[in-house]
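A short write-up of the structure that comes next.
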Amino acid sequence: MKKKTEIAPRAGTGLVPTRRTPVARITPSPVAHPGRAWLRELLSPPPPHSYLAAGEQCLITTRLHWAVPLRTMVRAAGAMSLAGLLLMVLSVLAPGVFLLQAVLFLLTLAHTAYLFYSVLLWRADHIMVTDSRIIRVSGLITHTVDAMRLSKITDTTLTRPFLGRILDYGTIRIESSGQRQSLERIDYVPSPGEIYRATLAHLSAP
């Protein structure tokens, strides 16, 4: 076998063995699919702070209490358990009645979709108290922004039921001067004392 010989560069010739420099590979940035972008915007509504006016300071930002989706989940679990029990009974007593079984199965799927939609509605519902307004942002497909100036509030009532005192939520009723407002009653407010004290601070301000 012939041996390979390496020829070293002569001294004084200035010849230096060259080395290959690694070439950086440029990976193209992923392009967002239009359908995925629309779904992302649907599931993640715009932040509530985007509805603030210039120079308006937000004091409190919160969602409704987690008891709202929990109540929906409990009802859905009961309805789905009842539907599953009926399907089992029908499969034993009347195995040939496929139409009724299909209807119950479709109703179960529809109820599951409604449960998912209710949770998304809860995520999109926000309550804000700023230095000049109280704002509620709600809606998943159609966004609704209800606002009331603190200067129009004449009185505030806080109601905390027995379960609300345990789980820390309550109902706030707001009385205002003029016509009826959409924010005159807000149910399932978490830590309602903070919003109550914020409105009282404005009422007691000179």
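The values are calculated or read from the model by the stated rules, or taken from the named source; none is laboratory data. Owing to the predicted nature of the structure, the values given are computational and were not obtained by experimental measurement. FYI the Cβ positions are ideal-geometry reconstructions off the backbone, even for glycines, and counts take in every protein chain you see.
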Confirm whether Ile134 is touching a residue at least 24 places away in the same chain (Cβ under 8 Å) and part of a loop (DSSP other than H, G, I, E, B). no
Of the residues Ser118, Ser81, which single one is in a helix (DSSP H, G or I) and over 20 Å from the mean Cα position of the chain (by Cα)? Ser81
Considering region 161-175 alone, what residues qualify as being surrounded by 18 or more Cβ atoms within 10 Å (Cβ to Cβ) and more than 24 Å from the chain's Cα centre (by Cα)? Ile174
Within region 151-171, work out how many residues are at pLDDT 90 or above, hydrophobic (A, V, I, L, M, F, W, C) and part of a strand (DSSP E or B). 1
Among (1) of a type outside the set (Val, Ile, Thr); (2) modelled with pLDDT of 85 or more; (3) surrounded by fewer than 18 Cβ atoms within 10 Å (Cβ to Cβ), where does Arg133 come up short? (3)
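Table: residues versus (1) touching a Cys at 6+ places or on another chain (Cβ under 6 Å); (2) in a strand (DSSP E or B); (3) surrounded by 10 or more Cβ atoms within 10 Å (Cβ to Cβ); (4) modelled with pLDDT of 80 or more.
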| position | (1), (2), (3), (4) |
| --- | --- |
| Leu39 | no, no, yes, no |
| Val68 | no, no, yes, yes |
| Gly96 | no, no, no, no |
| Val103 | no, no, yes, no |
| Thr112 | no, no, yes, yes |
